[in-house]
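Let me begin by presenting the structure, written as structure tokens, before commenting on it.
The values are calculated or read from the model by the stated rules, or taken from the named source; none is laboratory data. These numbers come from a predicted model, not from an experiment. Glycine also receives a Cβ, built like all others from the backbone with ideal geometry; neighbour counts cover every protein chain displayed.
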Amino acid sequence: MKPVDLLRINVADLGLKTQQKKLKLQKMSFIQRMAQAQNFHALADYRGATISVCLAFELLIAQRLEISIFILLAKVPFPDKGVQILRTETGIQMQFNRQEFSASDCENYLQFVLEFSQQLQSRSFKEMCFKLLHSLSINCLYDERSLTRKRKRLSFLHRLRYYLLNRIPITKTFTQQFQSRLSRIFHEPEARIGYLLKQHYFYFEFNYAKRLLHRSYSRQQQQQLNQFQWSEAEAFADLMTTNTGSIVLATIHMGDFVGAFHRICKVTGSTRQTISLQREHHIDGNNDYTIVDSNRHHAMLHGQRNLIDIVNALRSGKHILSMLFDLKDDFGASTTVNFFGYPCRFVKGPAQLAIMGGVPIIPFVTYEQDGVDIIDMDELIDTSVLAGESLADATRRITQRLIVLAEKWIRANPAQWKYLLSVFSYFEKTPSQT
């Protein structure tokens, strides 16, 4: 494969996110991307080479079944966490967690993609049909239809996809094994788990269609916010009126959690400053909280936040920090707690920031019931450190309390939890031990 000069930009002068966006705009094949990566490598531009080879990997797997990709990744592991593989609602994407890459890093990624491509088997006809239906589903997420019409269309497409899923050998085997393992931790018969999985595939994308509404102000977005049922709304409004201190709102990736955050924000008034932490970049440059008043809201990415500034803001009062606490140690420092009877590592940011800021945590969950989105708030969690307790011990105790809530919420509505298919990756013990 000969190096070719396919992109005439000075990549050394570009920020990582801008560079990634510019490279993504180029319409190239997998072979062209790999050639581009080699060309950047020859020019000693290892950042440009790394981005190019990772985008080549995205192209390579774009038309393949996610299950087959992750099974092969277990045999051909990705080099390191400088670049992260994310399973998103629209497919597998690469997220860059570092600004600089060495020649050795770049060579490792190049070798990985070449080896991975050689071991990737050719596509079957059923797999091609499945990916076609998947593309139609993704297009549905972004079109101008109402949520009601999107639900009907996505439901139809998912029935066809699930039918195919159980007739492709590799996905059928995975589903059967997963159902068996999941039935043991949920204490449900495998037939029931199969039904939950079918629902999960639908909600995984339909809840994302709801999230997309919150990236722009529209009549449909307002309708979605207004239809939330929230029995604690009046009590929460009273708390915000009588208490000028800060709070941490904590939830998990379930239902329309972004819409729930917007709905809760509406009752806090213009005097409250809000801070939210996002899990990932959005290539279009938007974020899930675009329409929140920018004068009183700041959205930050995990791993790119100034903890001291957040703590100081919480201590100053009249701030709301919104966080998701069902993230693994991929997204920050973590602590070991019990989850479904097994030791697991979860991010400790929500508990630790609340402790250091001297503010309580208000846990909430949102889920759909009979076509209506519900917000349920749990009891306020006092984050005061107990006598003789260290910061680490207090963080672990409060994180454990949050994870107990998460487990309860997931058991109640497993199909609507975004990470249901990844539940065993949380366990420190191997899945075979479940």
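Figures for the structure shown
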quantity: Top-ranked residue in the stretch 405-417 [being free of Cβ contacts under 8 Å to residues at least 60 places away in the same chain and among the hydrophobic types (A, V, I, L, M, F, W, C); ranked as farthest from residue 248 (Cα to Cα)]; calculated: 412
quantity: Residue count for the stretch 334-353, restricted to those that are among the small types (Gly, Ala, Ser) and either surrounded by fewer than 21 Cβ atoms within 10 Å (Cβ to Cβ) or more than 22 Å from the chain's Cα centre (by Cα) (or both); calculated: 2
quantity: Selected residue [exposed (fewer than 13 other Cβ atoms within 10 Å of the Cβ) and small (Gly, Ala, Ser)] from 216, 246; calculated: 216
quantity: Residue in the stretch 84-102 that is over 26 Å from the mean Cα position of the chain (by Cα) and either surrounded by 15 or more Cβ atoms within 10 Å (Cβ to Cβ) or at pLDDT below 95 (or both) present; calculated: yes
quantity: Only listed residue being in contact with a helix residue (DSSP H, G or I) (Cβ under 7 Å, 6 or more places away or on another chain) and of a type in the set (Lys, Arg), chosen from 318, 408, 328; calculated: 328
quantity: Residue check for residue 147: under 24 Å from residue 371 (Cα atoms) and hydrophobic (A, V, I, L, M, F, W, C); calculated: yes
quantity: Residue check for residue 81: of a type in the set (Lys, Arg) and either on the phi > 0 side of the Ramachandran plot or surrounded by 17 or more Cβ atoms within 10 Å (Cβ to Cβ) (or both); calculated: no
quantity: Top-ranked residue of the stretch 374-403 - restricted to ones that are farther than 23 Å from residue 332 by Cα and touching a strand residue (DSSP E or B) at 6+ places or on another chain (Cβ under 6 Å), ranked as surrounded by the most Cβ atoms within 10 Å (Cβ to Cβ); calculated: 375
quantity: Residue match in the stretch 79-92 (condition: among the polar types (S, T, N, Q) and within 21 Å of residue 199 (Cα to Cα)); calculated: yes
quantity: Helices (runs of 4 or more DSSP H) wholly inside the stretch 168-275 containing at least 2 residues that are among the basic types (Lys, Arg); calculated: 169-186, 190-213
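Conditions tested, residue by residue: (1) in contact (Cβ under 8 Å) with a residue 12 or more places away in the chain; (2) in contact with a Leu (Cβ under 6 Å, 6 or more places away or on another chain).
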{"site": "141", "(1), (2)": "yes, no"}
{"site": "146", "(1), (2)": "yes, no"}
{"site": "183", "(1), (2)": "no, no"}
{"site": "221", "(1), (2)": "yes, yes"}
